[in-house]
Amino acid sequence: MESNQKKTMTDIVNAFRLLNGDLRESFKIMSDKLDATSDFSAWKKYEKSIKPSIEDYRDWDDFIKGNDNWYYLNYYGLYEEKVVGFTFVISVDYDKESDVDYYDFINKLDGEINKNSPLLCIAGVYSLIDDNIKKAKFLKDETWTYVDDILQFTGDCKNYNIDDISYEKWISIEMDYEKNGEVKGGFEGWYKEASINIVNITDISSKEKAEKIIDDLIHQVKTDIKQSSK
């Protein structure tokens, strides 16, 4: 490898290192803020023995080693009867031939962002299908999280309206989860409806901004709880 190629490679690796540091710092600020919220219980448990913590379900080590093209950071827990938390979507395995829904979603959100590295923060409040919160889970199967459903906006979302998609706006999602009175396969333990807020991670430029996302998330939780109790 020639010297200029080596320098380019070094610059790329260093850029990844610096980016990862910035992402982790914002992620930590938001996680700490959520941890400090009364009635919130951080969700850290094994699910199918995949990862020791929801926080690292798709992690930096796999990404930098090139094992796959997914890089997520997740932090979830319980607030009263709701699942609450956020995901940093750093990199996705985008296939322009098959991921038509994702393409439409990203284009509507922001046609200028890189579809393989969208740098999105998705904060959400999720109402469980089963009232028994012990059955709540984050993973749909061994390779798929429920956040992936939000990104793809598949036919599972019965009230999907592409015109609702925008940054920093609370979006309502209803899952088409019942068929003949029974839960459809793959939805057991997860949500029937959700409120989500999408923020471009590059806009989280200060501690105050990071904390405000969590403040807004907790406000939305309380709003959703009041509405469900009516």
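Considering only residues that are open to solvent by 10 Å² or more (accessible area, probe 1.4 Å) and among the hydrophobic types (A, V, I, L, M, F, W, C), look in region 93-116 and name the one that is farthest from Thr145 (Cα to Cα). Taking the candidates together, the pick is Ile113. If I go through region 161-217 residue by residue, how many of them are free of Cβ contacts under 8 Å to residues at least 24 places away in the same chain and polar (S, T, N, Q)? Total meeting the criteria: 5. Looking only at residues in region 13-34 that are out of contact with any helix residue (DSSP H, G or I) (no Cβ under 7 Å at 6 or more places or on another chain) and of a type in the set (D, E, K, R), the one that is modelled with the lowest pLDDT is Arg17. Out of curiosity, is Glu208 charged (D, E, K, R) and modelled with pLDDT under 90? No, not satisfied.
The values are calculated or read from the model by the stated rules, or taken from the named source; none is laboratory data. As the structure is a computational prediction, the values presented were derived from the model and not from experiment. Because the Cβ atoms are built from the backbone with ideal geometry, glycine has one as well, and the counts that use them run over all protein chains shown. When the accessible area is computed, the model is the full protein with side chains, heavy atoms only, and any ligands, DNA or RNA have been set aside. Shrake-Rupley method; radii C 1.70, N 1.55, O 1.52, S 1.80 Å.
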